[in-house]
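The structure under discussion appears below in the form of structure tokens.
Readers should treat all values here as calculations from the given coordinates under stated rules, not as data from a laboratory. Quantities reported herein were computed from a predicted structural model and do not represent experimental measurements. Reconstructed Cβ throughout: ideal geometry from the backbone, glycine too, with neighbour counts over all protein chains shown.
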Number of protein chains: 2
Amino acid sequence: MKIKRSERLIDMTAYILSHPHTLTPLTFFVKKYESAKSSISEDLTIIKKTFKDRGFGTLETVAGAAGGVIFTPEIPFDTAKEMVTGLCGRLSEQDRLLPGGYVYLSDLLGEPQLLKQIGQIIASQYVGKEIDAVMTVATKGVPIAQAVSHYLNVPFVIVRRDSKITEGSTVSVNYVSGSSERIEKMELSKRSLKRGSRVLVVDDFMKGGGTVNGMKALIEEFEAELVGITVFAESTFSGRRMIEDYTSLLCVKDVDIRTKNITVVPGNYFDTDNNN
Amino acid sequence: MKIKRSERLIDMTAYILSHPHTLTPLTFFVKKYESAKSSISEDLTIIKKTFKDRGFGTLETVAGAAGGVIFTPEIPFDTAKEMVTGLCGRLSEQDRLLPGGYVYLSDLLGEPQLLKQIGQIIASQYVGKEIDAVMTVATKGVPIAQAVSHYLNVPFVIVRRDSKITEGSTVSVNYVSGSSERIEKMELSKRSLKRGSRVLVVDDFMKGGGTVNGMKALIEEFEAELVGITVFAESTFSGRRMIEDYTSLLCVKDVDIRTKNITVVPGNYFDTDNNN
């Protein structure tokens, strides 16, 4: 039975969206729908145009025998800015203020729709970069790593502060916690990262940068390569920050414990030299 | 400018797939595409049929003034069985065997495509059940909770074994670790779960059931309601299991430390009385 164009477009859209950064040969669709290659090509032209117009990202056609289509999700800069501006409002809610000037984030990092937005925004920054794995540290970095890993279509690995029997052999490093200046330890399962991997580091919150610095040390221990560092939120830190080269989606500029005012602005992700 | 049907179908498919369990009024699409309500209705009929034929789930039309469409993702039982059978093979790989007869899972729980499948399968079991939140315990349960929460479109909350200043006030319970019979403690941020919430518990691995039992106790402390328990994998346990009413996607039946053979079969999710 022949399948109508409308049905093909719906099914192809679903397939392509759920397989980002994956080269799909035209013959895959030809077989799937028992349709002519010319029809599939026409379908893909329509999908390509709509994805572009609607700001989903790029659907690229790769020519040749080993060719096909590959979808790279990327949200427009203005859409990202708009999402993050909305988030600034939510982060400034007074009841988020915790003792010690900390800001409560866990509810936001448990919202699936918000996590998707965060994943899309962070992944957009690394379009065109070769990345083999996303790295984060347990626990609150995990939802962010998972969201980003979905859009980059690469695995994520979780660094832990505690040793677990279910991780097998691990490699550990000591690092200086930036804000408290204590020496801490973090470790990663030995089999979780291949030597030479190109790694993107993400985390929920950066204060002194000590945790991120620990992950940098781990990447070196694995003889892997750091591609970039992006955090969901950073707080302006009075001391010298250990990390220079990173981007943040949000910046907690000021916390007034007396008035309970939290001042949040878009992070340096939106500085023109980080995104063009 | 009028938008062609083909473009509408592509954009509507993307929108609907990324907003599961969300009632979208027809007028939303009418405005978005500046198209007649009758055209939108026709589009939705085509999408509904394709979603059904392709096993994505149900697109339901709710009539009336407050009506619209609502998409419930659900994968067919046979597709779920096929996915899990493939997983049995991967879980039985000899090099997964860790000292103490544990099985290494962390790589699988970091693969975005696999997590999506796990999320779809677990969410499918609870179609038609009212669920307000997904609960899990740090660290390895998090990716599973996040995947399920995406398909149910509800937030997830993370129970922790360690206290963190960034969680604010917490409620804690003591529980007996099923396999080691030690007394342990777990806690959940007080503001993360509303009283009366209907909670689905998920976790990566269940041995004695102590951890899941701890989460049950926490749910009681929050005066919330347990809807169900599903784990990615369980291992057959020689002692008396503390939990009776749960489903598992995979079952580690036997681990032979001498020959390094791991025997994995589909879990009780696939028993006919758990899924019909």
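Can you list the distances in nanometres, one decimal and ascending, from the B:Gly67 label point to the identical position in each other copy, with the point 7 Å along Cα to Cβ? Listed shortest first, these distances are 4.7 nm.
Backbone geometry of the stretch B:257-267 corresponds, through the Karplus equation with coefficients 6.51, -1.76 and 1.60 at θ = phi - 60°, to 3J(HN,Hα) couplings of 5, 6, 8, 6, 8, 10, 9, 10, 10, x, x Hz, x marking Gly and Pro.
Report the net charge of residues surrounding A:Leu44, where surrounding means a beta-carbon distance below 11 angstrom and charges are Lys +1, Arg +1, Asp -1, Glu -1. So the environment of A:Leu44 carries a net charge of +1. For the peptide B:160-168, the mean number of other protein chain Cβ atoms found within 10 angstrom of a residue's Cβ is 5.
Taking a straight line from the alpha carbon of B:Lys48, these lysines sit under 17 Å away, with near neighbours fewer than eight places off in the same chain left out: A:Lys4, B:Lys37. For A:Met206, the residues 5 or more places off, or on other chains, whose built amide H falls under 5 Å of its own are A:Ala233, A:Glu234, A:Ser235. Here A:Lys81 is the anchor, and the aspartates and glutamates within straight C-alpha reach of less than 16 Å, apart from those fewer than 8 places off in the same chain, are A:Asp271, A:Asp273.
Relative to the current alpha-carbon distance between B:Asn261 and B:Arg54, full extension at 0.36 nm per residue lengthens the span by 70.8 nm. Measure nothing but the geometry: give the 0 to 90° angle between the long axis through the Cα atoms of A:5-17 and the longest principal axis through the Cα atoms of chain A, rounded to 10°. Compared with the principal axis, the helix lies near 30 degrees. Taking A:Val30, A:Val265, A:Val173 in turn, the Gaussian network model of chain A (Cα-Cα springs below 10 Å) assigns the largest fluctuation to A:Val30.
Sorted from nearest, the other copies put their A:Ile3 label points 2.3 nm away, the label point being 7 Å from Cα in the direction of Cβ.
Largest mean-square fluctuation among B:Ala123, B:Ala233, B:Ala217, in a Gaussian network model of chain B whose springs join Cα atoms under 10 Å apart, belongs to B:Ala217. A simple rule links phi to the HN-Hα coupling: the Karplus curve 6.51 cos²θ - 1.76 cosθ + 1.60 with θ = phi - 60°, which for the stretch B:71-86 gives 9, 10, x, 7, 9, x, 3, 5, 5, 4, 4, 4, 4, 5, 4, x Hz, with x for Gly and Pro. If you build a Gaussian network model of chain A, linking Cα atoms that sit under 10 Å apart, which residue out of A:Arg195, A:Arg96, A:Arg182 swings the most? Of A:Arg195, A:Arg96, A:Arg182, the Gaussian network model singles out A:Arg182 as fluctuating most.
Shown is the FRET efficiency for B:Arg182 and B:Leu98, computed with R0 = 25 Å from the Cβ-Cβ distance and rounded to the nearest 0.05: 0.80. How far is helix A:112-125 tilted, in degrees, relative to the longest principal axis of the Cα atoms in chain A, given as a value from 0 to 90 rounded to the nearest 10? Its long axis makes an angle of about 80 degrees.
Under 17 Å of direct C-alpha separation, and excluding same-chain neighbours fewer than eight residues apart, B:Lys116 reaches these aspartates and glutamates: A:Glu111, B:Glu74, B:Asp78, B:Glu82, B:Asp107, B:Asp203, B:Asp204.
Cβ crowding within 10 Å, taken as a proxy for footprinting-reagent exposure, orders A:Glu34, B:Glu111, A:Glu74 from fewest neighbours to most as A:Glu34, B:Glu111, A:Glu74. The stretch A:193-221 and the stretch B:130-194 have Cα centres lying 25 Å from one another. Under 5 Å between amide hydrogens, built in the peptide plane, is the criterion, and for A:Gly228 it picks out A:Val201 among residues at least 5 positions away or on other chains. Charge tally around B:Ser172: other residues with Cβ under 15 Å, Lys/Arg +1 each, Asp/Glu -1 each, net +1. For the protein assembly as shown, the orientation-averaged shadow of the C-alpha convex hull comes to 27.6 nm² (one quarter of the hull surface).
Taking Lys and Arg as +1 and Asp and Glu as -1, the other residues whose beta-carbon sits under 15 Å from that of B:Pro112 total -1. The simple Förster model, with R0 at 41 Å and r as the Cβ-Cβ distance, assigns A:Glu225 and B:His19 a FRET efficiency of 0.65. Across identical copies of the chain, A:Thr79 has label-point separations of 2.4 nm, listed in ascending order, with the point defined 7 angstrom from Cα along Cα→Cβ. Among the listed pairs A:Lys2/B:Lys52; A:Lys140/A:Lys253; A:Lys129/A:Lys185; A:Lys32/B:Lys31; A:Lys164/B:Lys194, those with a Cα-Cα distance over 24 Å are A:Lys129/A:Lys185; A:Lys32/B:Lys31; A:Lys164/B:Lys194.
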